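Enquirer: Shown below is the structure under consideration.
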Amino acid sequence: MRVILATSNRGKVREIKEFWRDLEVIPYTDLIDAFEIEENGLTFSENAIIKAKAVRKSLLEKGFNEIIISDDSGISVEALSWAPNIYSARYGGVNASGDDNLNKMIKELKAKNVSQSRAYYTAAIAIIDKNEKVYTTHGWMHGDVIDERFGDKGFGYDPIFIPKGESQTLGVLDDKIKEGYSHRIKALKLAKIILDKLH
Ligand code: IMP
């Protein structure tokens, strides 16, 4: 079965392809040009649905009737009143890079004299099938963020995130270890059950 990812985020595409090896998974940008999608939902699942619908519409206009999968995810930090949450991708400003966002979080933690705080990642996956039916699943990863970066594995906030039960950040830990805790993998496992039923 072929599914189209409504993202061009390379970190996400890599993790999803790696996990769903038995499916043909391709980013929508392999079929059409990338375009801006305004994520104006108030929850991760709303934003995931907005992205999936926008990509489905554009692909249909080009004659592709495909199953679309999207992921909306982010991190929530207790010491920052559980921000940035759904605004994780824009925490360092409009068009901020993963590094800008990470640096902004370190700056905010230091400004509050917090060296470590409870935090969790959330992932919402939206699936739109060929009959326009929408499904969503979720996953979470709990742990702590710290005010110093370690390692360069993973992406985004990973170099400052220590999963519960570990003593090192996801920037240092192996991809395989991240997979065992990952919010996205948990949501993808639930999404796979739905995809298998669509098959
Ligand atoms: P989205 O692409 O709009 O869903 O934005 C996701 C934001 O959350 C980006 O800033 C990512 O860097 C961050 N994020 C989501 N999942 C992860 C992860 O697994 N590791 C690190 N950062 C993540």
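We did not get these values from a lab; they are worked out from the coordinates using the rules stated. All values derive from a computational prediction rather than experimental measurement. Here Cβ is always computed from backbone atoms with ideal geometry, including for glycine, and neighbour counts include all displayed protein chains.
Enquirer: What are the ³J(HN,Hα) couplings of region 84-100, residue after residue, when phi is run through the Karplus curve with 6.51, -1.76, 1.60 and θ = phi - 60°? Round to Hz, x for glycine and proline.
Expert: Working through the residues one at a time gives x, 6, 5, 9, 4, 6, 10, 4, x, x, 4, 6, 5, 7, x, 5, 4 Hz.
Enquirer: Report, in degrees rounded to the nearest 10, the 0 to 90 angle that the Cα long axis of helix 183-198 makes with the longest principal axis of the chain.
Expert: Its long axis makes an angle of about 10 degrees.
Enquirer: Do any trypsin sites (Lys or Arg not before Pro) in region 75-162 lie in a DSSP loop with no more than 14 other beta carbon atoms within 10 Å, and if so, which? Working shown, then result.
Expert: On the way: sites: ARG90, LYS104, LYS107, LYS110, LYS112, ARG118, LYS130, LYS133, ARG149, LYS153; in loops: LYS112, LYS130, LYS133, ARG149, LYS153.
Sites meeting the loop and neighbour criteria: LYS112, LYS130, LYS133.
Enquirer: Mind listing which GluC sites (Glu not before Pro) in region 18-72 are in a DSSP loop and have 15 or fewer other Cβ atoms within 10 Å?
Expert: Working: sites: GLU18, GLU24, GLU36, GLU38, GLU39, GLU46, GLU61, GLU66; in loops: GLU36, GLU38, GLU39, GLU66.
Counting only loop positions with at most 15 other Cβ atoms within 10 Å, the GluC sites (Glu not before Pro) in region 18-72 are GLU36, GLU38.
Enquirer: How about region 126-180: which GluC sites (Glu not before Pro) there lie in a loop by DSSP and see at most 15 other Cβ atoms within 10 Å? Can you show the working numbers first?
Expert: Values: sites: GLU132, GLU148, GLU166, GLU179; in loops: GLU132, GLU148, GLU166.
Counting only loop positions with at most 15 other Cβ atoms within 10 Å, the GluC sites (Glu not before Pro) in region 126-180 are GLU132, GLU148.
Enquirer: So, one more: With Cβ to Cβ distances under 14 Å as the rule, what net charge do the other residues near LYS186 carry (K, R +1; D, E -1)?
Expert: Working: positive: LYS164, LYS178, ARG184, LYS189, LYS192; negative: GLU15, ASP71, GLU179.
Charge balance in the 14 Å sphere: +2.
Enquirer: In deg cm²/dmol, rounded to 500, what helix-only [θ] at 222 nm does the chain give when every DSSP H run of at least 4 residues adds -39500 (n - 2.57) and the total is split over its residues? Intermediate results must be reported in sequence, preceding the final value.
Expert: Numbers: 5 runs with 65 residues, N = 199.
When only DSSP H runs of four or more count, the value is -10500 deg cm²/dmol.
Enquirer: Another question about this same structure. Over the chain, what is the relative contact order in whole percent, taking alpha-carbon pairs under 8 Å and six or more residues apart?
Expert: Across the chain, relative contact order equals 18 percent.
Enquirer: How many angstrom lie between the Cα centre of region 1-54 and the Cα centre of region 61-75?
Expert: Cα centroid of region 1-54 versus Cα centroid of region 61-75: 5 Å apart.
Enquirer: Taking the Cα centre of the chain as origin, sum charge times position over the Cβ atoms of Lys and Arg (+1) and Asp and Glu (-1), and report the length of that vector in debye to the nearest 20. List each step's numbers first, then the result.
Expert: Values: 29 positive and 30 negative charges, 64 e Å.
Dipole of the chain, to the nearest 20 debye: 300 debye.
Enquirer: Along the charge dipole of region 96-199, pointing to its positive end and built from +1/-1 on Cβ of Lys, Arg, Asp and Glu, which listed residue (PHE150, ILE106, THR137) has its Cα farthest out?
Expert: THR137
Enquirer: Could you tell me the relative contact order of region 23-127? Use alpha-carbon pairs under 8 Å, at least six residues apart, and round to a whole percent.
Expert: RCO, region 23-127: 30 percent.
Enquirer: In square nanometres, what is one fourth of the surface area of the convex hull spanned by the alpha carbons of the chain?
Expert: Seen from a random direction, the Cα hull of the chain projects 10.5 nm² on average.
Enquirer: Just list whichever of LYS57/LYS153; LYS104/LYS186; LYS51/LYS189; LYS104/LYS164; LYS51/LYS178; LYS112/LYS176 have alpha carbons separated by over 31 Å in the model shown.
Expert: Values: LYS57/LYS153 34 Å; LYS104/LYS186 28 Å; LYS51/LYS189 20 Å; LYS104/LYS164 23 Å; LYS51/LYS178 25 Å; LYS112/LYS176 33 Å.
From LYS57/LYS153; LYS104/LYS186; LYS51/LYS189; LYS104/LYS164; LYS51/LYS178; LYS112/LYS176, over 31 Å: LYS57/LYS153; LYS112/LYS176.
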